[in-house]
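See structure below.
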Amino acid sequence: NRRNKKDDSTLEIPSIPNPFPELCCSPFASVLSASLLPKATSRKKQVIKVYSEDDTSRALEVPSDITARDVCQLLILKNHYIDDHSWTLFEQLTHTGLGRAIEDHELVIEVQSNWVMEEGARLYFRKNYAKYEFFKNPLSFFPDHMISFPSETNTALSHSGILQMFLSSSTYPEIHGYLHAKEQGKKSWKKLYFLLRRSGLYFSTKGTSKEPRHLQFFCEFSNSDMYMSLTGKKISGAPTNYGFCFKPNKSGGTRDLKQLCADDEQSRTCWMTAIRLLKYGMQLYQNYMQPYQGRSGCSPLNITPMRSISENSLVAMDFSGHRSRIIENPTEALSVAVEEGLAWRRRGCLRLNSHGSPIAMSNVGMSIHRSQSWFHHKISREEAQRLILQHGLVDGVFLVRDSQSNPKTFVLSLSHGLKIKHFQIVPLEDDGKLFYTLDDGHTRFTDLIQLVEFYQLNKGVLPCKLKHYCARIAL
């Protein structure tokens, strides 16, 4: 009876409606909707190690979705460098002698996930002036004899029009020419006629025939990355020094590499540029036009650079009178700059040694260039060519080095027309004074700094002006 009374009393209590029915458990709905849960704000972080040209390194703790451009931006800010949009993250496979510039939009952690222990892979932070040069000067990258268009396209298409076809058009320009290909599983190389089309890279089994029955598929690019050979003939035994290859993302080693070799630098540059455009398309143009647009948002990409890199923001001023004035005439501004430079040198002609007595500037001038970023002490011709190649074969990339054949002379190594040329700087003594010259004494300079500054403003006997110097950047 007591139980019955208890049950009756409970039934008499009125039921209270649930104000949050969406939170109730039911066999058809979850307790909490995924959209109502707070999103995790913390992202996974990993440590990457980045090297510089002088083999110094820096460890960075970065989120897993950081892009190569964001890593460069972090290093630029940490080292107080000027961002001229030419900084690049390089992937170098030391043991296989391969390397490539990682595209700005690529995820660095994904690149590292494809590394194999035997490759000795490293990330390098350096300049690459040829990064997007084909957007500025396509004429140098696509020679007429290597490119052809569909029959319905006007053959008189401009080179800017060629880039538009690469990026957006359904009609894709065809790149064709001879390449040396390494036979799979063998050490021998075979010269074949290759064709690059939207569907991939093909070679002809019968001369230069382009008929479908004579074309054999060689490689497609969605699941592989393109690398440049850094060691030339040494490791792969290639017939020339202009090699490149395709490495699958999930590679089992060097046996999976598809290696090719061009006859000259212009041919290799054309093939590699066209394949980059084919693989990434409009993404490359977006990287070029919007260099600060990153995916991870880990770095302050919207901040204004600390220093302007535009020459238009520099104004020539004259402070010689009672009032300062802006020098509007460019010829007058140049002559004033030269006069100030000469006056600075005259003021520094007498310097004090450690005992407080003056020393002649001629002795200082013989070694003052060693502190300059463009001077490389006692490096070989091959090392100079490697450094310039890494910085990009753009007209005007240069360095100055000691001559190995003649200890008293110097060499100016300069990139022009996708070739690296070397010019000997000869010391010349006249009336007890030492000068340096590139043209048998017609133009003389008191030191190497003056020589470099002159050829940065004037072409002179050189094929082009000195624009970008190769430097060993320290992190």
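Please go through region 169-186 and pick out each residue that is modelled with pLDDT of 80 or more and open to solvent by less than 40 Å² (accessible area, probe 1.4 Å). If the condition is that a residue be modelled with pLDDT of 80 or more and open to solvent by less than 40 Å² (accessible area, probe 1.4 Å), then 173, 174, 175, 176, 177, 179, 180, 181 are the ones that fit. Scanning for something under 28 Å from the mean Cα position of the chain (by Cα) and open to solvent by less than 60 Å² (accessible area, probe 1.4 Å), does region 425-446 turn up at least one residue? No: region 425-446 contains no residue that is under 28 Å from the mean Cα position of the chain (by Cα) and open to solvent by less than 60 Å² (accessible area, probe 1.4 Å). So is residue 279 surrounded by 14 or more Cβ atoms within 10 Å (Cβ to Cβ), farther than 28 Å from residue 114 by Cα and charged (D, E, K, R) or not? No. Would you confirm whether or not region 134-143 contains a residue that is within 14 Å of the chain's Cα centre (by Cα), surrounded by 20 or more Cβ atoms within 10 Å (Cβ to Cβ), in a helix (DSSP H, G or I) and modelled with pLDDT under 95? Yes: region 134-143 contains one or more residues that are within 14 Å of the chain's Cα centre (by Cα), surrounded by 20 or more Cβ atoms within 10 Å (Cβ to Cβ), in a helix (DSSP H, G or I) and modelled with pLDDT under 95. In this entry, residue 454 is excluded by the filter for residues that are open to solvent by less than 50 Å² (accessible area, probe 1.4 Å) and aromatic (Phe, Trp, Tyr). When you check residue 269 against the structure, is it assigned to a loop (DSSP other than H, G, I, E, B) and closer than 25 Å to residue 416 by Cα, yes or no? Considered against the rule, which asks whether it is assigned to a loop (DSSP other than H, G, I, E, B) and closer than 25 Å to residue 416 by Cα, residue 269 comes out as no. Kindly indicate whether any position in region 397-404 is outside the structural domain of residue 137 (by the TED database), of a type in the set (Lys, Arg) and surrounded by 21 or more Cβ atoms within 10 Å (Cβ to Cβ). Checking region 397-404: at least one residue is outside the structural domain of residue 137 (by the TED database), of a type in the set (Lys, Arg) and surrounded by 21 or more Cβ atoms within 10 Å (Cβ to Cβ). For the list (1) assigned to a strand (DSSP E or B); (2) open to solvent by 30 Å² or more (accessible area, probe 1.4 Å); (3) at pLDDT 70 or above, I need the number of the one condition that residue 359 fails. Residue 359 satisfies every listed condition except (3).
The values are calculated or read from the model by the stated rules, or taken from the named source; none is laboratory data. On a predicted model such as this, the values are computed, not experimentally measured, just so you know. As a convention, Cβ positions derive from the backbone with ideal geometry for all residues, glycine included, and neighbour counts pool all protein chains shown. Protein only, heavy atoms only, side chains kept; ligands, DNA and RNA dropped before computing areas. Shrake-Rupley method; radii C 1.70, N 1.55, O 1.52, S 1.80 Å.
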